[in-house]
Amino acid sequence: MNLFDMVREENLKRRRPLAERRKPRTLDDFMGQEEILGDGKLLRRLIEADRLTSIILSGPSGVGKTSLARIISHMTRSSFVTLNAVTSGVKDIKEIVEKARRELETSGHGTILFIDEIHRFNKAQQDALLPHVEAGTIVLIGATTENPYFEVIQALLSRSMVFEMYPLADEDIIAIIERAIEEDEQLRLQKILLGEREKTFIAKNSLGDARRALNILELAVITTSPDPEDGHIKITEEILSECTQRPFLRYDRDGDFHYDVISAFIKSVRGSDPQAALYYLAHMLLSGEDPKFIARRLVILAGEDIGLAHPEALTIANAAFDIVHKIGMPEAQIVLSELTIYLSLCEKSNSAYLAIKEAMSRVREHGAVNVPPHLMDSTKKRLKEIKASYKYPHDDPRGYSEQEYLPDEFREVDFYRPKHHGEEECLVKMWKRRKGSRD
């Protein structure tokens, strides 16, 4: 390499973004994804033994799918070829397969084909891969940000192992930031002051995306002038707020204000005010609150505050929680918005919540009491001596039987006190017709 090429190479190297410079080169450098890459995990064992089979890596941007493929390329004895599904087609696949076949015949070495954004391949393009994956001519690594069970053909999925990769935890993001400041050949030459709160701010606003976190850090460093006295580059939350284009909100997930905001959010939904509830929801999401935490609280609210007024609200809330868990941010904010508005508009009843509290209070107060004989286990021999017999409700044409179910000590107690709101009123009317009212 001549001097001109060396200078050009150095200039190109300096121009590479921090996120590109900090891509992990070994499995030990790789942060997060312990579920699939931790010591002794299947995928790690396959990579280290160089016995990889076809796999699909599924997960959002910035979690390490491409980085993992690069690491594999450095650790394998096989030829490693990369395609991008956006710019490649069936012709490219055929050329790679033909070269892979010749390589296998002449040297016995296999070929690993990494296809980024494989979900962008149409069915015909995916079908073109199938016979060669099945024959072992190529080992496929497909990366996708979409659900592979929807976007990858079933035949290809059945011949591949699917590994799901998740957004990085805050502590992983913080570790990546710290290592970048300490180890990056450009950053370590500068006197960067980044406090714990500022690191947390970056972690919260990166949404589990390592690339985004490093981009935020790099932008903050290059746009902040060193202190003229000591040369330190002090990164503040206000600077980071500008770099992330998100408002700097006073919100500490472990502090009082965190609990104040979630309290105001729940009380607004309980109070049937969707406008206020949406304000607090937006505040939490922009501050980096875990969307699953919000969804979990809404499931509780659906059971506690809406209850029997709209029993289906609990099912809807649980479905929303499941969706939020599966898709993550930013799309999860749409689901949370819909659920927040729906639960705010629902009629409210806390009768089920109060009923179980009252029942548990009475049980604690009185302790265990005897079950009425006619409700005891009928297999007990001593029950044959008891005259009172159990009336099977289905034997009655009306579908219910008039008998006592409560122990004598509680027969005058009403644990459940209905609220005449929404569907609960209809349920109570049917109950009273069957049982008679004890008002």
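Against the definition (in contact (Cβ under 8 Å) with a residue 40 or more places away in the chain, in the same structural domain as Lys123 (by TED's automatic domain parsing) and farther than 16 Å from His132 by Cα), how does Ile96 come out, yes or no? No; evaluated as a whole, the condition is false for this residue. Listed by position, the helices (runs of 4 or more DSSP H) inside the stretch 106-218 whose residues that are in contact (Cβ under 8 Å) with a residue 12 or more places away in the chain and within 19 Å of Ala19 (Cα to Cα) number at least 3 are 170-183, 196-206.
Checked against (1) at pLDDT below 90; (2) farther than 30 Å from Ala220 by Cα; (3) exposed (fewer than 14 other Cβ atoms within 10 Å of the Cβ), Ala85 passes all but condition (3).
Within the bounds of the stretch 45-54, is there any residue that is loosely packed, with under 14 Cβ neighbours inside 10 Å, closer than 23 Å to Lys123 by Cα and touching a residue at least 60 places away in the same chain (Cβ under 8 Å)? Reasoning before the result, please.
The first filter runs over the stretch 45-54 and keeps only residues loosely packed, with under 14 Cβ neighbours inside 10 Å, leaving 45, 48-51, 53.
Now restrict to residues that are closer than 23 Å to Lys123 by Cα: 53.
After this cut, where a residue has to be touching a residue at least 60 places away in the same chain (Cβ under 8 Å) as well, the list is 53.
The answer is yes; a qualifying residue exists.
Select the helices (runs of 4 or more DSSP H) contained entirely in the stretch 252-349, then report the ones holding at least 3 residues which are within 30 Å of Ala213 (Cα to Cα) and among the basic types (Lys, Arg). Reasoning before the result, please.
Details: elements: 256-270, 274-286, 291-301, 312-327, 332-345.
The qualifying helices (runs of 4 or more DSSP H) are 291-301.
Scanning the stretch 156-202 for residues that are of a type in the set (Phe, Trp, Tyr) and closer than 22 Å to Ser225 by Cβ yields one hit, Phe201.
Results for (1) closer than 30 Å to Thr145 by Cβ; (2) surrounded by fewer than 17 Cβ atoms within 10 Å (Cβ to Cβ); (3) modelled with pLDDT under 70, shown as yes or no for each residue.
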residue	(1), (2), (3)
Ile316	yes, no, no
Lys326	yes, yes, no
Asn350	no, no, no
Pro373	no, yes, yes
Pro393	no, yes, yes
Gly399	no, yes, yes
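So is Phe293 under 18 Å from Ala264 (Cβ atoms), outside the structural domain of Gly208 (by TED's automatic domain parsing), within 12 Å of the chain's Cα centre (by Cα) and among the aromatic types (Phe, Trp, Tyr) or not? Explain how you work it out, then say what you get.
Working: under 18 Å from Ala264 (Cβ atoms): yes; outside the structural domain of Gly208 (by TED's automatic domain parsing): yes; within 12 Å of the chain's Cα centre (by Cα): yes; among the aromatic types (Phe, Trp, Tyr): yes.
Yes: the conditions hold for Phe293.
If you go through the stretch 75-105 and keep only what is closer than 19 Å to Lys65 by Cα and either β-branched (Val, Ile, Thr) or in a helix (DSSP H, G or I) (or both), you end up with Met75, Thr76, Val81, Thr82, Val86, Thr87.
Scan Leu308, Leu336 and give me the residue that is outside the structural domain of Phe150 (by TED's automatic domain parsing), at pLDDT 85 or above and closer than 30 Å to Pro407 by Cα.
On the way: Leu336 fails: closer than 30 Å to Pro407 by Cα.
Checking each option against the conditions leaves just Leu308.
For the structure I just gave you, tell me whether Ile300 is modelled with pLDDT of 90 or more and hydrophobic (A, V, I, L, M, F, W, C). Reasoning before the result, please.
Values: modelled with pLDDT of 90 or more: yes; hydrophobic (A, V, I, L, M, F, W, C): yes.
Yes, satisfied.
Could you please find all residues in the stretch 234-291 being at positive phi and at pLDDT below 80? Within the stretch 234-291, Gln245, Gly288 qualify.
The values are calculated or read from the model by the stated rules, or taken from the named source; none is laboratory data. Model, not experiment: these values are computed from the prediction. Glycine gets a Cβ as well: all are built from the backbone with ideal geometry, and neighbour counts include every protein chain shown.
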